[in-house]
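What follows is one structure encoded as structure tokens, with my remarks underneath.
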Amino acid sequence: MREEHDVALASLTSIRVGGPAARLVTAQTTDELVDVVREVDDADEPLLVVGGGSNLVVADAGFAGTVVQVATTGVTVESDDSCGGANVRVAAGEVWDDLVRRAVSEGWSGVEALSGIPGRVGATPIQNVGAYGQDVSQTIGQVRVWDRQQQQVRTFFGADCGFGYRDSRFKGGDGKRGRYVVLDVLFQLRVADLSQPLAYADLARQLGAHLGERVPLAQVREAVLAHRRQRGMVLDDADPDTWSCGSFFTNPILSEREVNALESRVSAHLGADAPSFPRWPEERGTKTSAAWLIDRAGFRRGHGLPGPAALSGKHTLAVTNRGSATANDVLAVAREVRDGVEDAFGIRLVNEPVLVGVSL
Ligand SMILES: Cc1cc2nc3c(=O)[nH]c(=O)nc-3n(C[C@H](O)[C@H](O)[C@H](O)COP(=O)(O)OP(=O)(O)OC[C@H]3O[C@@H](n4cnc5c(N)ncnc54)[C@H](O)[C@@H]3O)c2cc1C
């Protein structure tokens, strides 16, 4: 376990903002992780758990408590056969994309479309990480957590994790946030050289395949990585378009009444022959595209350049740090976009990254 003081959180986050952590502890084993969380909770002090820092915007004032960086390691293949599939238990601190690369090379199917997503394994159940038609809820068998309320280790089966679009029981709000610290995750993958059926039209097109078709795992990984790079969605130290939290806003899920209201707002804003907005049926309503709303509200790629914060030059959903931005600069751009979309279309976008000590 390593302990440091007054470490700039900007150095631990992909958007490179955030003031000092009063205390930073790096936990290298699961026992260390549980011990430090218990110790902080017993002392009734503030705690922030950080994985890869790729979904966090931390205040410029920093964090007046203990930040625990999860750096635990270990990948255990509990079984690997064509009948039962590959059951792989992965420590929370393992790098997510290392797991995806390994899965593709071992012939474990089910996470290939999630290639290139930054961060650590332990954060993936928190917001049910997803992209290109897959999300981790499809392959998570179990999540083992430290329950800070009950002060004990608990195991949740996939069906009990409350997974939804960018949501799970581990995320929560209203004081629930942070109740669970993820210790490890059991993935249940299919043993196959082919991907799961393609569920994302652009990806299928890029692969010269049809929706629902299965193609070799390595081809899906390469196509996803290429597509993500074009959109600045793979971290790259040399490219400030990637100094972000990925998508800053989630795709709104609308009730029927909101769908009708949006239809009238779109024609009022863009004219009677306006294109209809994208929509996908969801369990809880109709999902539409935050990027579409942002573009149609008049925000262009690179809005705000030269910075200090601006929309990515490749993708209007990402708010980026051009090198010298503060958390306040980042939030000012996000606020301008959120308010512009609300003025144009009456839809209030919600931030995807976790905001620590700041609000939008
Ligand atoms: C360029 C880029 C592209 C991205 N693309 C995608 C994408 O396609 N799809 C997608 O879903 N996301 C995407 N993201 C967002 C982000 O990568 C994911 O949410 C990722 O899972 C965050 O992992 P992390 O380890 O960096 O978490 P962090 O940013 O460190 O933490 C995020 C939240 O999870 C909590 N947390 C972290 N680890 C644990 C743990 N072990 N136990 C309990 N709580 C924990 C933190 O307290 C915090 O609340 C992208 C981000 C970037 C920068």
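The values are calculated or read from the model by the stated rules, or taken from the named source; none is laboratory data. Source: prediction; values computed, not measured. Heads up, the Cβs are rebuilt from the backbone with ideal geometry, glycines too, and the neighbour counts pull from every protein chain shown. Quick note on the areas: whole protein, heavy atoms, side chains included, nothing else; ligands and nucleic acids left out. Shrake-Rupley method; radii C 1.70, N 1.55, O 1.52, S 1.80 Å.
Quick grid of which residues meet (1) open to solvent by 70 Å² or more (accessible area, probe 1.4 Å); (2) at pLDDT 90 or above:
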position	(1), (2)
Tyr200	yes, yes
Val215	no, yes
Leu235	yes, yes
Asp239	no, yes
Val266	no, no
Leu270	no, no
Ser276	yes, no
Thr286	no, yes
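Does the stretch 209-236 hold any residues that are of a type outside the set (Val, Ile, Thr) and within 12 Å of the ligand (Cβ to nearest atom), and which are they?
Leu225, His227, Arg228, Arg229, Arg231, Gly232, Met233, Leu235, Asp236
Any idea which of Asp339, Asp329 is under 25 Å from Ala274 (Cβ atoms) and part of a helix (DSSP H, G or I)?
Asp339
If Leu317 passes every condition in (1) within 26 Å of Asp60 (Cα to Cα); (2) open to solvent by 40 Å² or more (accessible area, probe 1.4 Å); (3) hydrophobic (A, V, I, L, M, F, W, C); (4) within 16 Å of the ligand (Cβ to nearest atom) but one, which one does it miss?
(2)
Considering Ser79, Ser54, which residue is within 23 Å of Gln138 (Cβ to Cβ) and more than 15 Å from the ligand (Cβ to nearest atom)?
Ser79 is the lone residue from the list that is within 23 Å of Gln138 (Cβ to Cβ) and more than 15 Å from the ligand (Cβ to nearest atom).
Does the stretch 123-146 hold any residues that are in a loop (DSSP other than H, G, I, E, B), buried (at least 21 other Cβ atoms within 10 Å of the Cβ) and either aliphatic (A, V, I, L, M) or within 12 Å of the ligand (Cβ to nearest atom) (or both), and which are they?
Residues satisfying the conditions are Thr124, Pro125, Ile126, Gln127, Asn128, Val129, Tyr132.
So which residues in the stretch 147-165 are open to solvent by less than 70 Å² (accessible area, probe 1.4 Å) and within 30 Å of Gly133 (Cα to Cα)?
Arg154, Thr155, Phe156, Gly158, Cys161, Gly162, Phe163, Gly164, Tyr165
Could you grab the pairs with beta carbons closer than 6 Å, sequence gap of 6+ or different chains, first residue in the stretch 273-301 and within 16 Å of Val350 (Cα to Cα), second one among the basic types (Lys, Arg) and open to solvent by less than 50 Å² (accessible area, probe 1.4 Å)?
none
Residue check: is Thr26 near the ligand (Cβ under 9 Å from one of its atoms) and open to solvent by less than 10 Å² (accessible area, probe 1.4 Å)?
For Thr26, the condition - near the ligand (Cβ under 9 Å from one of its atoms) and open to solvent by less than 10 Å² (accessible area, probe 1.4 Å) - is not met.
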